[in-house]
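Here's the structure, in structure tokens; my notes come after.
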Amino acid sequence: MAFANRSVLIYGVLFMALTVSHGATAQKLVIAHRGASAYLPEHTMEAKAMAYAMGADYVEQDVVMTRDNQLIVLHDITLERTTDVARQFPGRARADGSYYVVDFTLAEIRQLKVNEGVSTRSGERQPVYSQRFPLDKSAFRINTLSEEIELVQGLNRSTGKDVGIYPEVKSPAFHRTEGKDLSRALLEMLKSYGYVSKQDKVFVQTFEFEELKIIHDELQPALGIELNLVQLMGDDEAYEWMLNAQGMTELARYADGIGPEKAMIIPQDAASTDLSVTNLVALAHANGLKVHPYTFRADPGQVPGYAADFESMLRLFYFEAGVDGLFTDFPDRVVNFLQGE
Ligand code: G3P
Ligand code: CA
């Protein structure tokens, strides 16, 4: 919302416009956000296999490095939100109370039990999404990036499909302060698994523009690869300079796409009767950039008031705002929606 008010034009779109028929659904991408994370604990192999089976076009991996330089798939650079690290490794937290992945070896991390994401804000350990997979049931583990790539590539072979991967370089500047070049390790691994060109089904994403430049200008040339790169954007001042013609043109020197927070396209408080859509998609498309906003959830309270329901929200983004793909915790719902259009 701050973004919409600051920098970008807003167009009114009447809902009447939604009755137009839609053509190119086949090109619209479904990106499984941390797997089928609405149904199974995020980033587990189970969640990834489920997302694949639901028909996602791409399966997302957030990538973090361990103390012994192994790449694992985890959203946070810390372990306490999604594992039982505090119970298994008391005394290993830093002064801020968090248990950092970079302080643990892969062998230690393998011992952790993964749970649905929790919040401790209320003083109690509670699931962030109350209707999702129950806490502390069954047995889930953290997997490595190589295991996950082999899962997707193995399923591609056994099903004959060609599902892509969508790894995020997570907090690269933090990793550099810890003496770790996360991007280089990720790109080397991708190359070893055959991801070398823009024709290969991979998007490499990061929130950090300085890292995107390093990847584009230094690491990829050094490795002799050229992948699709995506600049993620939060709805805050750090990304403001990108949100005009000059900034987007500069960004397009390094990126093939953008991944904005979805409120940067339709403000969270937009009116349902006269929808406000920013010009971000048009600006990106004018510079040859794909647009993949995040994150689309159908949980109670997660559909903004301007949309009647989850599917109406999808229709607005895919066919009114014109995005090329989107990140969702509910890949089945989005696949079904696109098949019905
Ligand atoms: O990477 C795009 C999407 O995943 C949003 O970011 O915070 O969930 O990794 P995050
Ligand atoms: Ca991500």
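The values are calculated or read from the model by the stated rules, or taken from the named source; none is laboratory data. All values derive from a computational prediction rather than experimental measurement. Don't worry about glycine lacking a Cβ; one is built from the backbone with ideal geometry, like all the others, and counts go over all protein chains shown.
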In this structure, is A263 in contact (Cβ under 8 Å) with a residue 12 or more places away in the chain and either more than 14 Å from ligand 1 (Cβ to nearest atom) or assigned to a loop (DSSP other than H, G, I, E, B) (or both)?
-> no
Enumeration of residues in the stretch 253-270 that are within 13 Å of H292 (Cα to Cα), among the β-branched types (V, I, T) and more than 16 Å from ligand 2 (Cβ to nearest atom) | I265
When both residues are 6+ apart or on different chains and their Cβ atoms are under 6 Å apart, which pairs have a first residue that lies in the stretch 68-86 and is closer than 24 Å to A185 by Cα and within 12 Å of ligand 1 (Cβ to nearest atom), and a second that is in a loop (DSSP other than H, G, I, E, B) and of a type in the set (S, T, Y)?
-> I77/S171
Check whether at least one residue in the stretch 240-259 is farther than 30 Å from S183 by Cβ and surrounded by fewer than 18 Cβ atoms within 10 Å (Cβ to Cβ), and report yes or no.
-> no
The condition from (1) of a type outside the set (D, E); (2) at pLDDT 95 or above; (3) surrounded by fewer than 23 Cβ atoms within 10 Å (Cβ to Cβ) that S276 misses is numbered (2)
Kindly indicate whether any position in the stretch 38-49 is closer than 20 Å to L190 by Cβ, assigned to a loop (DSSP other than H, G, I, E, B) and of a type outside the set (D, E, K, R).
-> yes
Residue check: is Y239 within 16 Å of ligand 2 (Cβ to nearest atom) and at pLDDT 95 or above?
-> yes
Among E208, E250, E226, the single one that is free of Cβ contacts under 8 Å to residues at least 40 places away in the same chain, of a type in the set (D, E) and within 16 Å of ligand 2 (Cβ to nearest atom) is E208
Spot the failing condition for S272; the list is (1) touching a Leu at 6+ places or on another chain (Cβ under 7 Å); (2) over 24 Å from Q131 (Cβ atoms), and only one is missed.
-> (1)
Can you find even one residue in the stretch 231-244 that is of a type in the set (F, W, Y) and away from ligand 1 (no atom under 16 Å from the Cβ)?
-> yes
Residues that are within 16 Å of ligand 1 (Cβ to nearest atom) and assigned to a loop (DSSP other than H, G, I, E, B), drawn from the stretch 269-297 = L289, H292, P293, T295, R297
In the stretch 303-316, is there at least one residue being within 27 Å of T206 (Cβ to Cβ), within 16 Å of ligand 1 (Cβ to nearest atom) and not hydroxyl-bearing (S, T, Y)?
-> no
In the stretch 132-191, anything within 16 Å of ligand 1 (Cβ to nearest atom) and without any contact (Cβ under 8 Å) to a residue 60 or more places away in the chain is listed as P172, A173, S183
In the stretch 155-177, the residues that are buried (at least 22 other Cβ atoms within 10 Å of the Cβ), among the aliphatic types (A, V, I, L, M) and either in a helix (DSSP H, G or I) or over 19 Å from the mean Cα position of the chain (by Cα) (or both) | none
Counting only residues in the stretch 50-92 that are of a type in the set (A, V, I, L, M, F, W, C) and part of a loop (DSSP other than H, G, I, E, B), the one farthest from ligand 2 (Cβ to nearest atom) is identified as F89
Among all residue pairs at least 6 apart or on different chains, which show Cβ distances below 7 Å where the first residue, located in the stretch 291-317, is of a type in the set (A, V, I, L, M, F, W, C) and the second is surrounded by fewer than 15 Cβ atoms within 10 Å (Cβ to Cβ) and not in a strand (DSSP E or B)?
-> V303/D309
Candidates R315, R297 - the one that is among the charged types (D, E, K, R), within 27 Å of D332 (Cβ to Cβ) and within 16 Å of ligand 2 (Cβ to nearest atom) | R297
Reported set for the stretch 103-121 where residues are surrounded by fewer than 20 Cβ atoms within 10 Å (Cβ to Cβ) and in a helix (DSSP H, G or I) is D103, L106, A107, E108, R110
